Amino acid sequence: MKTTANFMALSCVFFMAYLSLSVRAQKNMPVPVLGKNTIKEVIAAMTLEEKTQLVVGATELKKASTNEQGTTIGFTEQRVPGAAGIMAAIPRLGIPALVLSDGPAGVRINPRRKNDPNSYYATAFPVGLSLASTWDPVLVEEVGLAFGNEVKEYGIDILLAPGMNIHRNPLNGRNFEYYSEDPVVSGKIAGAIVRGIQANGVGTSVKHFAGNNQEANRNGVNVVVSERTLRELYLKGFRIAISESDPWTVMSSYNKLNGVFTAESFDLLTTILRDEWGYKGFVMTDWGGGRNRPGIIRAGNDLIMPGRPGQSDLIAAAVKSDSLDIQALDKSVERILNVILKSPTFKKYKYSDKPDLAAHAAVARIAGADGMVLLKNNQQTLPFSPSVKNIALFGNASYRTIAGGTGSGDVNRAYTIAVIKGLANASYQPNQDLWKDYRRFFSKDSTQQMAAGAKYPKSPPEMIASDSLINIRAKDSDLALITIGRNSGEVYDRDLETNYKLLPSEIAQIKNVAAQFHKNGKKLVIVLNIAGVIDMKEWSNDADAILLAWQPGQEAGNAITDVLSGKVNPSGKLTTTFPVNYSDVPSAKNFPGTPIAKPLRVNYEEGIYIGYRYYDTFHVPTAYEFGYGLSYTNFIVKDLKLVKPNVNGDFTVSCKIKNTGKKAGKQVLQLYLSAPTSAIDKPSQELLSFKKTKLLNPGEEESITFQIKGKELASFSSDLSEWVADEGKYTVKVGFSSKDIQQASSFILKKSIHTEKVHRVLQPNVKIEELKPIVNKP
Ligand code: BGC
């Protein structure tokens, strides 16, 4: 029955399109044009071939093809060399080709072009993890404004960013691109950067939707996760970002989710994203994501990227054979055309290819410094005292500082300021003899690699200074600074032994430097120039101060010096927990899945208990907790007021925060909630919201108000397919970290509130036993 009806509908569509073409041709009627005619009229005038070309990227089309009507489809010349992809154009209907480019830390295009003396460098902003560590959506939006200007001025329509997958496990090779172990932080930071970028009139693609929490076999692994965990953790951040910023596009991920590739998941891309969340933009695949091309369109995934020859034909064949409803294709075309209408290319924006890189570098420097987290500061080692001038810099990364990670998250920047340069720029005196030793070491290593046949020498191994060398420097320098560098990127997760942990030789060097400098009454500062959480237990005691700089972008050395010198008072906070041992990580025994060499399946057995949700509930000590970060000044919270919930559960919390120290500084006020466990088990606390203060002078106060909606109290009941705020006692706590709670207040919800009913979809295709707390204290 259905097939016959579909067949009739299809024949009707073809007939109408044919009729419209031939009537127009006979009467010499003008062809509808995008922008002048309605989208519906344009779609009605499109042939099946044109529709299927539009939903497949034209990146890999070698030359423009001509269709039956003699119109050109697809622009194949590289408009912006180095951009990740281009869409098809249909000039006959006034549809131009949009250009899509990576990535999350800056525009990723080729810096040089053939026969062109100009350069096309882009600003390397701090990586996502560093931006998130600012806990400052206002600042992140400003970064987005500068960033989006480069997108626009380099002729790009859609930026393939932000990346916002959850830090389920510290070894994920792309955690540097992502924001946090917590969906509220992820969602709010992603929302802020999207707002900033899109304010320029260009688009973004929030990625990778969803469950792409590892790189190991990312194209084939099946993520098995309960509905509750999926909704509360892995989807929630996307929902917040979408509702706060309305990104033009969303990018589906590579992995399968409960048995189905996300790229082909109707439940994910239509039922949840469109029907439940009301998302109106278009969805694209990740590059080469998904398998079944018509299935991708059927799911509500509108654009297949990068697009390969033959893929359009597969979709056309599916429509002709009635296995793909033409209406699904039309909807995809409509969603794409809606975005094209807003694009700079459609508006014929005359881009300059000359963004103000100097102004944007200044923004990158400010954000880089604000994303740094001061982990340790014994006896006010930092900021440097005025007596510190001659600094002995150890660690390769002091000289070759890492701006950002590798892969599509990398940026072709004009320069990276190394720590040595940043210190020199601020008139410190990095020890020149030590610099010579490192230079000699780097050049010897690269000569050896080239002699062994390497075309491009890899990063050298860590230089380990000899005892005698350290001894001399401990005498002639005022302070030792060791920069620990770690990088990572797409395709691979980080190696536990060599990337997550420091090498035994690096640890020995730290201990040696600490011993020799301490013996001479001098201090050791460690700067962490890293892409994700690392093991710190064996050596953190040796340092007097530890500054977590992450990968702060191209202004790295200047931004690091700003904090070390006290020009900037550190105000960054951890968005991801540093555990004591890797084996403490709740997902450790299920990462990256089985079989370990090329995991086909990964069971999220830890359920909702990841990050602080786990460590706090199960009383597992951490090295540095979620939300943690020191300042050069002190703050207190006072006058906490809770206006109890109305019938919908909405309530208000307000308080004052005061700088009681001697230096101006900013603080992040974090609002946590402990919920009752009457029907659903709960973590001991969850972050509800956060606010960063302005720069408060000594003695200055700021009033902060949080307005919380009842639905933010709710947990997801897989049994009911509902979000429910259980009846019982709720405690709201405000503090400076998940452990440093300053004030708290409680209220009772007399009756549970069912805040939202949703579809029962995306159930696990394999039964998994989720971790549950035995005793769960409210
Ligand atoms: C990455 C995406 C990126 C795309 C285009 C893929 O391999 O996963 O994040 O946007 O390539 O470069």
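Any idea how far apart GLN432 and ALA454 come out in nm if each label point goes 7 Å out from Cα toward Cβ?
Simple spin-label model gives 2.9 nm for this pair.
Sorting check: for 245-253, 389-397, which peptide has the highest mean count of neighbouring beta carbons within 10 Å, and how do the rest follow?
Going by the mean number of other Cβ atoms within 10 Å, highest first, we get 245-253, 389-397.
Mind checking the angle between helix 311-320 and the chain's longest principal axis? C-alpha axes, 0 to 90 degrees, to the nearest 10.
Tilt relative to the chain: about 40 degrees.
Under a straight-distance cross-link criterion of Cα-Cα below 19 Å, which lysines are reachable from LYS751, leaving out those fewer than 8 residues away in the same chain?
List returned: LYS644, LYS682, LYS709, LYS711, LYS729.
If I model a spin label at LYS280 and VAL643 as a point 7 Å from the Cα along the Cα→Cβ vector, what separation in nanometres do I get?
3.1 nm
Starting from the Cα of LEU695, move 7 Å in the Cα-to-Cβ direction to define the label point; list residues of the range 649-668 whose amide nitrogen is under 12 Å from there.
Counting only backbone N, you get 664-666.
Restricting the count to DSSP beta bridges whose residues both fall in the chain, what percent are antiparallel, rounded to a multiple of 5?
In the chain, approximately 60 percent of DSSP beta bridges are antiparallel ones.
What is the extension gain from HIS619 to LYS567, computed as 0.36 nm multiplied by their sequence separation minus the C-alpha to C-alpha distance, in nm to one decimal?
Extra length available between HIS619 and LYS567 comes to 14.9 nm.
Sum up the charges of everything whose Cβ sits under 11 Å from the Cβ of PRO306, counting Lys and Arg as +1 and Asp and Glu as -1, but leave PRO306 out.
Neighbour charge sum, excluding PRO306 itself: -1.
Between the range 369-430 and the range 204-271, what is the C-alpha centre distance in whole Å?
When both Cα centres are located, 36 Å separates them.
As a test question: what accessible area, to the nearest 10 Å², does HIS754 have when a 1.4 Å probe is rolled over all protein chains in place?
HIS754 has an accessible surface of roughly 100 Å² with all protein chains in place.
Lys and Arg at +1, Asp and Glu at -1: add these up for the other residues within a Cβ distance under 10 Å of ASN292 and post the number.
+2
Checking the table LYS501/LYS692; LYS537/LYS733; LYS207/LYS694; LYS658/LYS694; LYS501/LYS739 against a 21 Å threshold on Cα-Cα, which pairs fail?
Listed pairs above 21 Å: LYS501/LYS692; LYS537/LYS733; LYS207/LYS694; LYS501/LYS739.
Between ASN115 and TYR351, what FRET efficiency comes out of the Förster formula 1/(1 + (r/R0)^6) with R0 = 30 Å and r the beta carbon distance, rounded to 0.05?
0.90
Identify all aspartates and glutamates with a Cα-Cα distance to LYS40 below 20 Å; exclude those on the same chain that are fewer than 8 residues away in sequence.
Result set, ordered by chain and number: GLU49, GLU50, ASP302, ASP325, ASP330, GLU334.
Strictly over 32 Å apart at the Cα level, which of LYS455/LYS511; LYS236/LYS347; LYS114/LYS348; LYS114/LYS458 would you flag in this model?
Exceeds cut-off: LYS455/LYS511; LYS236/LYS347.
Pull up the cross-link candidates among the aspartates and glutamates for LYS444, meaning alpha carbon to alpha carbon under 17 Å and not fewer than 8 places away within one chain.
ASP433, GLU462
Rounded to the nearest 20 Debye, what is the dipole magnitude of the chain about its Cα centre when Lys and Arg each give +1 and Asp and Glu each give -1 at the C-beta?
Dipole size: approximately 900 debye.
Would you tally the net charge around LYS347, using a Cβ to Cβ cut-off of less than 13 Å, leaving LYS347 out, and scoring K and R as +1, D and E as -1?
Net of charged neighbours comes to +3.
Please get the size of the charge dipole for the range 472-568, origin at its Cα centre, with Cβ charges of +1 on Lys and Arg and -1 on Asp and Glu, quoted in debye to the nearest 20.
Approximately 440 debye in magnitude.
The values are calculated or read from the model by the stated rules, or taken from the named source; none is laboratory data. Bear in mind the structure is a predicted one, so any value in this text is a computation, not a measurement. Note that we place each Cβ from the backbone using ideal geometry, even for glycine, and neighbour counts take in every protein chain shown. Note: areas computed on protein heavy atoms with side chains; ligands, DNA, RNA excluded. Shrake-Rupley method; radii C 1.70, N 1.55, O 1.52, S 1.80 Å.
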